[in-house]
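Encoded as structure tokens, the structure appears first; notes follow it.
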Amino acid sequence: MGKVHKAIGGRLREFIEAQHVFFVATAPLAGDGLINVSPRGVSGTFAVLDDHTFAWLDGTGSGTETIAHLRENGRITVMFCAFEGAPNIVRLHGTGRVVTLYDEGYDDLAAHFSALPGARAVVVVDVERVSDSCGYGVPLMTYAGERDLMQRYYARKGVEGSADYRRRKNRFSLDGLPGFDDDPLDEWSTLDGLAAIRERLGDQIDGWVPPVSYGLALDGEFPYVNQPGGRHGLPGVVLATVLKVDGSTATLEVSRQQLDEAITALAPAEACTDVDHPNLAAWRAIAARLDQNGGGSVTAVFVRSVDDPVGSELDATLRAAW
């Protein structure tokens, strides 16, 4: 039978801190919004801070649902399951708040945890209800060890590279709510800064060589073509990063999700007012037309060298615009 407890103490605290993984549930206020459930883990990155406070060091990830939902309404449930030993489930209901790595108080909170490359925030849960239940339906499973892929991935990216990733992946939730948009845009506001970002992104793509020309087409039409000799390096590497290509001559289909991600990733460049941003304007125009028309076909064309053979009909169309 389930039981409600006054605090996270004694055996409950011992149980929680002995677990290797826990689950977090949040939801937006909108009735048709997407409910989110996320697994959390990594040894040394979560703890009970006191009888009514739980917290974890939140690493950069491919999404930002939990942060976006907490910033909108704060509601959260944290669940721990016994996969070894006696069956048990513990749930913490409460209100969550996000303390980012740029906020006052972050360092003090982060000191409770092991270092985590790419950490973006500490999530603190002010617990209002503590309960446990039998857990008879949870299977027995053996803990084999920690994965270190995420830590190595963000260690390679470094501080600035991790921030680049968050600007591309973490600014909005799936429902369009503001997510993690805290990374400063100082570097994006100058031509030298944009050049540094361009070089950093290019260094993270194996075999990257900037294409001499590229463009996005909607239903076979290019609203803007980056011609040989133009100043168009940053949009090209942003698009290549999203599409996971190395800039070689190619014609590629682009999903709506990839288009939106490219727009989000390039949008901070508007902080630099010393140059125009024709690619960003063109990509937004394509997105608007997709919405107006109820769909369409978006295609990216890259031309690495003017001497490369024409690879497709759209490749020929792009070159005809030179």
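The values are calculated or read from the model by the stated rules, or taken from the named source; none is laboratory data. Not measured: the values here are computed from a predicted model. Don't worry about glycine lacking a Cβ; one is built from the backbone with ideal geometry, like all the others, and counts go over all protein chains shown. Only protein heavy atoms, including side chains, enter the accessible area calculation; ligands, DNA and RNA are left aside. Shrake-Rupley method; radii C 1.70, N 1.55, O 1.52, S 1.80 Å.
Quick look at the values:
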item	result
Of all residues making up the range 170-203, the number that are closer than 12 Å to C272 by Cβ and touching a Phe, Trp or Tyr at 6+ places or on another chain (Cβ under 8 Å)	2
Residue in the range 8-19 that is in contact (Cβ under 8 Å) with a residue 60 or more places away in the chain and exposed (fewer than 15 other Cβ atoms within 10 Å of the Cβ) present	no
Leading residue by the ranking (most open to solvent (accessible area, probe 1.4 Å)) among those in the range 285-302 that are outside any loop (DSSP other than H, G, I, E, B), more than 12 Å from A217 (Cα to Cα) and not aliphatic (A, V, I, L, M)	Q292
Residue that is part of a loop (DSSP other than H, G, I, E, B), closer than 30 Å to D182 by Cβ and in contact with a strand residue (DSSP E or B) (Cβ under 9 Å, 6 or more places away or on another chain), where the choices are V245, V306, V275	V245
Within the range 32-90, considering residues that are in a strand (DSSP E or B) and acidic (D, E), the one surrounded by the fewest Cβ atoms within 10 Å (Cβ to Cβ)	D50
Any chance E187 is surrounded by 14 or more Cβ atoms within 10 Å (Cβ to Cβ) and either over 30 Å from G296 (Cβ atoms) or not polar (S, T, N, Q) (or both)	yes
Count of residues meeting criterion [of a type in the set (S, T, N, Q) and either in contact with a Pro (Cβ under 9 Å, 6 or more places away or on another chain) or buried (at least 20 other Cβ atoms within 10 Å of the Cβ) (or both)] in the range 238-284	4
Filtered residue count, the range 209-249, keeping only those that are under 17 Å from W322 (Cα atoms) and touching a Phe, Trp or Tyr at 6+ places or on another chain (Cβ under 8 Å)	12
Given (1) open to solvent by 40 Å² or more (accessible area, probe 1.4 Å); (2) farther than 30 Å from A163 by Cβ, index of the condition S305 fails	(1)
Failed criterion for V209 (all others in (1) modelled with pLDDT of 95 or more; (2) of a type in the set (A, V, I, L, M); (3) open to solvent by 50 Å² or more (accessible area, probe 1.4 Å) hold)	(1)
Of residues in the range 95-119 being assigned to a strand (DSSP E or B) and open to solvent by 10 Å² or more (accessible area, probe 1.4 Å), the one nearest to D58 (Cα to Cα)	A119
